[in-house]
Amino acid sequence: MLSRRVFMKNGGLALLSLGFAPAFLERTAEAAAARRKILIAIFQRGAVDGLNMVVPFGEGEYYAARPSIAIPRPGADDGAIDLDGFFGLHPRLAPLKPLWDARQLAIVHASGSTDPTRSHFDAQDYMETATPGVKSTQDGWLNRCLHAREHAEATPFRAVALGGQLPRALHGTAPALAISQLGQFGIRAGQATDTMQASFESEYAAAADAVLNRTGGQAFDAVRMLKSADPAKYRPENGADYPRTGYGEALRQIAQLIKADVGLEIAFAEAGGWDTHANQGASAGELARRLDDFGRGIAALTRDLGDRMADVVILTMSEFGRAVAENGNRGTDHGHGNAMLVIGGGGVRGGKVYGRWPGLAREQRYDGRDLAVTTDFRSVFAEVVRGHLGVTDTRRIFPGFTRPEALGVIGRG
């Protein structure tokens with residue numbers, strides 16, 4: 001028996017939970033004309049070492065605490081890329097420097113959660129629900145964003161995670177999609193052939209339940225629309241060269257969805273491999289390889305989108321940072337404060353490192369070992385929600401967080 005939920009195939013299982021709004025295709029055309037603001041959230045799962053990603057080379061304690069893994073000062077061989085005379089980018093993040101110079105890249109350092117957990121699972125959950133220390137929260141902050149921005153032009157592609165499953169940040173009652181490969185997006189009809197799909201659609205159309213029939217019709221419209229965009233023939237523009245990794249492919253498909261004007265408002269991608277307890281490396285090594293992938297992916301995405309970046313903000317996050325001092329395995333253990341990146345061509349006030357720097361001397365560290373958090377990650381989220389997405393009342397998106405700090409990262413904030 002068919003239900004009101006239509007299962008879509010994409011290699012794994014993605015679930016399209018359709019609302020019951022006006023005709024999807026008409027809404028999509030209207031959404032394209034309106035050019036709504038788009039948020040792209042990128043989660044660095046595993047707790048990236050923010051101190052080697054955005055290097056406080058002006059802090060002497062940084063070099064004292066990391067004798068074998070510190071990034072050399074600017075000017076040295078493979079040294080940090082100077083941003084403001086105190087902070088610098090890891091050298092493998094050189095593709096992001098043009099965005100900094102164009103004031104399209106802002107950094108919020110010493111940011112993170114108010115909860116002290118060093119558990120990856122708990123910290124990711126707290127960040128994706130935006131409720132630190134509360135395990136009972138059912139929905140994610142991005143799903144609550146969708147509810148705060150309800151509008152008649154919403155399409156089934158309003159919120160999309162490029163991956164095999166929906167992240168906690170998009171869990172909730174608002175419709176959202178998880179798609180592994182746009183080219184494989186279709187109706188689960190027992191077989192993947194067009195013949196079977198046509199037969200399935202025909203049977204669906206004959207369903208007695210009029211409401212269900214409409215829902216199915218919209219789902220088939222979504223598949224047809226994506227097919228008309230011809231994912232297999234997509235070619236990035238402006239010389240954009242995405243990394244040949246799952247993360248790079250996810251960003252490439254996000255650009256594809258944006259250009260297809262299917263009504264995308266929130267996109268989610270993730271990159272793993274940041275849990276560098278051993279042999280982390282410095283300017284070269286494991287972390288450097290991950291940052292190379294990370295930076296080249298974002299640079300390619302912004303280049304590919306070109307002028308469309310005026311309507312896009314990319315927000316990066318990780319569940320917590322790493323300890324200030326390197327460990328006996330030339331790696332770093334779980335820490336506290338971290339760095340977040342905010343990238344956009346519109347209202348982002350880039351070319352600046354935001355937040356209060358707490359210092360790295362032992363007495364300045366959290367618990368005597370970690371970078372202290374001076375900016376609650378929810379303040380960064382809230383500023384993007386208000387300044388970029390235009391939500392004036394963020395209380396339901398960030399329950400219990402009544403006094404977000406005004407950072408000034410977004411011009412409209």
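In this entry, T302 passes the filter for residues that are of a type in the set (S, T, Y), open to solvent by 10 Å² or more (accessible area, probe 1.4 Å) and not in a loop (DSSP other than H, G, I, E, B).
For the subset of segment 366-375 comprising residues that are out of contact with any helix residue (DSSP H, G or I) (no Cβ under 9 Å at 6 or more places or on another chain) and not hydroxyl-bearing (S, T, Y), which member is farthest from M127 (Cα to Cα)? Across segment 366-375, the extreme among qualifying residues is D367.
So that you can scan it fast, the table gives a plain yes or no per residue for (1) of a type in the set (A, V, I, L, M); (2) in contact (Cβ under 8 Å) with a residue 12 or more places away in the chain; (3) within 16 Å of K352 (Cβ to Cβ):
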site: N52; (1), (2), (3): no, yes, no
site: G60; (1), (2), (3): no, no, no
site: A94; (1), (2), (3): yes, yes, no
site: H109; (1), (2), (3): no, yes, yes
site: M127; (1), (2), (3): yes, yes, no
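Put simply, of T114, T129 the only residue that is open to solvent by 10 Å² or more (accessible area, probe 1.4 Å), within 26 Å of the chain's Cα centre (by Cα), of a type in the set (S, T, N, Q) and at negative phi is T114. Of the residues making up segment 344-389, those that are farther than 25 Å from G85 by Cβ and either among the basic types (K, R) or modelled with pLDDT under 95 (or both) are G345, G346, G347, R369, R378, R386. For N279, the conditions (1) more than 14 Å from the chain's Cα centre (by Cα); (2) at negative phi; (3) open to solvent by 10 Å² or more (accessible area, probe 1.4 Å) all hold with the exception of (2).
For segment 366-383, indicate whether the set of residues that are open to solvent by 10 Å² or more (accessible area, probe 1.4 Å), touching a strand residue (DSSP E or B) at 6+ places or on another chain (Cβ under 8 Å), farther than 30 Å from D307 by Cβ and hydrophobic (A, V, I, L, M, F, W, C) is non-empty. Scanning segment 366-383 turns up at least one residue that is open to solvent by 10 Å² or more (accessible area, probe 1.4 Å), touching a strand residue (DSSP E or B) at 6+ places or on another chain (Cβ under 8 Å), farther than 30 Å from D307 by Cβ and hydrophobic (A, V, I, L, M, F, W, C).
Table: residues versus (1) part of a loop (DSSP other than H, G, I, E, B); (2) modelled with pLDDT of 95 or more; (3) touching a Lys or Arg at 6+ places or on another chain (Cβ under 6 Å); (4) of a type in the set (F, W, Y).
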{"site": "E128", "(1), (2), (3), (4)": "no, yes, yes, no"}
{"site": "H151", "(1), (2), (3), (4)": "yes, no, no, no"}
{"site": "A154", "(1), (2), (3), (4)": "yes, no, no, no"}
{"site": "L166", "(1), (2), (3), (4)": "yes, yes, no, no"}
{"site": "A192", "(1), (2), (3), (4)": "yes, no, no, no"}
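Among residues belonging to segment 355-381 that are within 21 Å of the chain's Cα centre (by Cα) and charged (D, E, K, R), point out the one that is nearest to H336 (Cα to Cα).
Among those residues, the one meeting the criterion is D376.
Does L89 satisfy the criteria of being open to solvent by less than 20 Å² (accessible area, probe 1.4 Å) and more than 17 Å from L371 (Cα to Cα)? Steps first, answer last, please.
Values: open to solvent by less than 20 Å² (accessible area, probe 1.4 Å): yes; more than 17 Å from L371 (Cα to Cα): yes.
For L89, the condition - open to solvent by less than 20 Å² (accessible area, probe 1.4 Å) and more than 17 Å from L371 (Cα to Cα) - is met.
Which residues, taken from segment 92-111, are assigned to a helix (DSSP H, G or I) and either of a type in the set (S, T, Y) or buried (at least 19 other Cβ atoms within 10 Å of the Cβ) (or both)? Scanning segment 92-111 gives R92, L93, P95, L96, L99, W100.
The values are calculated or read from the model by the stated rules, or taken from the named source; none is laboratory data. Worth saying up front: this structure is predicted, and the values here are computed from it rather than measured. Every residue, glycine among them, receives a Cβ derived from its backbone with ideal geometry; neighbour counts consider all protein chains shown. Just the protein is used for accessible areas: all its heavy atoms, side chains included, with ligands, DNA and RNA removed. Shrake-Rupley method; radii C 1.70, N 1.55, O 1.52, S 1.80 Å.
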